[in-house]
Amino acid sequence: MSPRDELAAVRRLVRESEPKLRRDAEGRWRWELSTDGGPDVRCPGVFARRIDARRAFHRLTQAVEEAEITMAGHREPTR
């Protein structure tokens, strides 16, 4: 897949999926996404509160929407 196709796939994933908020054995929270036949995405960090994990996912969705493909100083429109 091209970088443009990969970014489009990530955008679809975050737009169409609701994160699962999970608590680990130590009581820390993280979010994860799963799709049928697609990638599983897990938050790399952990949070003391559930709301903080949800907010982190929201920040990810904003960053994905604002992301651009760049190559050697050249920005390519992605929308």
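Key figures for this structure:
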read-out	value
Per-residue SASA entry for residue 17, accessible area with 1.4 Å probe, Å² rounded to 10	20
Quarter of the Cα convex hull surface for the chain, i.e. its orientation-mean projected area (nm²)	6.3
Residue-span extension gain [residue 10 to residue 48] - 0.36 nm each, minus C-alpha spacing	11.0 nm
GluC sites (Glu not before Pro) restricted to DSSP loop in the stretch 34-70 with at most 11 other C-beta within 10 Å	68
Rounded percent of accessible protein surface that carbon and sulfur make up, the chain, 1.4 Å probe	50
Degrees between helix 3-16 axis and first principal axis of the chain (Cα, 0 to 90, nearest 10)	40
Which of 22, 42 is most accessible, then next, and so on - probe 1.4 Å	42, 22
Largest to smallest accessible area among 61, 70, 35 [probe 1.4 Å]	70, 35, 61
Folded to 0 to 90 degrees: helix 50-66 orientation relative to the chain principal axis, Cα	0
Exposure of residue 51 as accessible area (Å², to 10), given a probe of 1.4 Å and all protein chains	80
Solvent-accessible surface ranking, highest first, for 46, 14 at 1.4 angstrom	46, 14
1.4 Å probe accessible area per residue over the chain, in Å²	73
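The values are calculated or read from the model by the stated rules, or taken from the named source; none is laboratory data. Please read all numbers here as calculations on a predicted model, not as lab measurements. Neighbour counts run over all protein chains shown; Cβ positions are idealised from the backbone, glycine included. SASA here: full protein model, heavy atoms, side chains in, ligands and nucleic acids out. Shrake-Rupley method; radii C 1.70, N 1.55, O 1.52, S 1.80 Å.
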